[in-house]
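The values are calculated or read from the model by the stated rules, or taken from the named source; none is laboratory data. This is a predicted model, so every value here is computed, not measured. Here Cβ is always computed from backbone atoms with ideal geometry, including for glycine, and neighbour counts include all displayed protein chains.
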Amino acid sequence: MFDQLAAPVLDSPASRPGNTPQREGEAMTRAATWLGAGLALTVDQVTKPAAFELVASHGAIPVLPFLTITSSMNAGVAFGIGTRVHPILLIGVAATVTALLLAMILRSASPLYRAVLGMILGGGIGNIADRLRFGAVRDFIDLHWGGSHWPTFNMADAFITVGFVIMLIACDESNGHLKPRSTRCGKN
C-alpha cells in the first residue's frame with residue numbers, strides 16, 4: 001500500500017506508452033500544417049461575407065488613401081486572368097495544385113515549412129469553395145495609388161502570396177528542387 005503512495009504518478013505526453021520525442025515532434029509538425037491551413041481558411045471565409053455585406057449596405061468603403069473595401073466577383077484566376085476558361089477546368093487545376101501541395105506537406109519535416117504550405121493550402125481551399133458556391137471568387141481588397149489599381153483580391157489571395165514569398169525567402173532553388181537555406185524549410 002505504501003509503495004503505491006511513494007511512486008509519483010507522472011502524466012505527461014512523453015511518459016505515456018509509445019510516445020517518444022520524435023512522435024511528439026511529428027505531431028507538432030502535423031499540427032503546424034493544419035494550424036496554417038485552418039487560419040487561412042477561417043480568416044478568408046469570415047472576411048469575404050463581412051466585406052460584401054458592408055459594401056452592400058454602405059457602398060465602397062475607403063479605409064486608407066490607398067485602400068478601399070469593395071466587392072467584385074472574379075471569374076478568372078489570379079488577378080482576373082483566365083476569365084474565359086471554363087470553371088470545371090479551373091477547379092481541376094486548383095485540385096491538382098492542392099494535391100501537389102499536400103504531397104509537399106507530407107514530404108516536409110519542418111514545422112515552419114508545413115505551416116507556410118498550410119497557409120497556401122487554406123487560401124486555395126477558400127477560393128475553391130467560392131468557385132464551387134458562386135462560380136467565381138469573391139474579392140474585396142482594392143489597393144490603388146493615384147490612377148493605378150492593383151487587381152482586387154481577398155484574404156485567401158493574401159495568404160497564398162505571403163506563403164509563396166516566405167518560401168522564396170526561406171529556400172534556395174537548386175536543380176529544380178527546393179533546397180533549404182537552413183533546417184527551417186523543406187525536408188531536414
**Message:** If I go through segment 113-161 residue by residue, how many of them are basic (Lys, Arg) and under 18 Å from Trp34 (Cα atoms)?
**Reply:** 1
**Prompt:** From the list Gly18, Gly25, which residue is modelled with pLDDT under 75, of a type outside the set (Asp, Glu) and closer than 30 Å to Ile160 by Cβ?
**Reply:** Gly25
**Message:** Report every pair of residues separated by at least 6 positions or lying on different chains whose Cβ atoms are under 6 Å apart, first residue within segment 37-62 and surrounded by 13 or more Cβ atoms within 10 Å (Cβ to Cβ), second of a type in the set (D, E, K, R).
**Reply:** Lys48/Arg138
**Request:** Could you check how many residues of segment 103-155 are within 22 Å of Leu89 (Cβ to Cβ) and not basic (Lys, Arg)?
**Result:** 20
**Request:** Filter the strands (runs of 3 or more DSSP E) completely within segment 75-188 down to those with at least 3 residues that are modelled with pLDDT of 75 or more and under 17 Å from the mean Cα position of the chain (by Cα).
**Result:** 137-145
